[in-house]
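Accompanying notes for the structure given below.
The values are calculated or read from the model by the stated rules, or taken from the named source; none is laboratory data. These figures come from a predicted structure and were not determined experimentally. As a convention, Cβ positions derive from the backbone with ideal geometry for all residues, glycine included, and neighbour counts pool all protein chains shown.
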Amino acid sequence: MQLTSTITCPQCGAASTETMPTDACQFFWDCPYCGALLRPNQGDCCVFCSFGTVPCPPKQDEHGGACCGAGAGAAAV
């Protein structure tokens, strides 16, 4: 399982490698270059699934059920 993903900001095109949380979805991400606040695209559970090179750990776990577990909260990291 990969725990890092490179997020590419759709506003400025800059890329940043980030460590993904394993116990929650990361719903927000502030671009360190332009300051844009990213949220997941409709239908995605987190910013890594929308803008990252690697999906979040729950999506990587082929035996896991719903992404980030049923009733899991979002991490505003």
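Quick check on my filter: what residues within region 24-46 are small (Gly, Ala, Ser) and surrounded by 13 or more Cβ atoms within 10 Å (Cβ to Cβ)? Listed by number, the residues that qualify are 24, 36.
Among the residues of region 1-40, the ones that are without any contact (Cβ under 8 Å) to a residue 12 or more places away in the chain and within 19 Å of residue 57 (Cβ to Cβ) come to 0 in all. Of the residues making up region 1-23, those that are surrounded by 13 or more Cβ atoms within 10 Å (Cβ to Cβ), touching a Phe, Trp or Tyr at 6+ places or on another chain (Cβ under 7 Å) and of a type in the set (A, V, I, L, M, F, W, C) are 7, 9, 14, 20. Of all the residues in region 22-35, those that are under 16 Å from residue 6 (Cβ atoms) and aliphatic (A, V, I, L, M) number 0.
Per the conditions (1) at pLDDT 95 or above; (2) part of a loop (DSSP other than H, G, I, E, B), the sole criterion not satisfied by residue 44 is (1).
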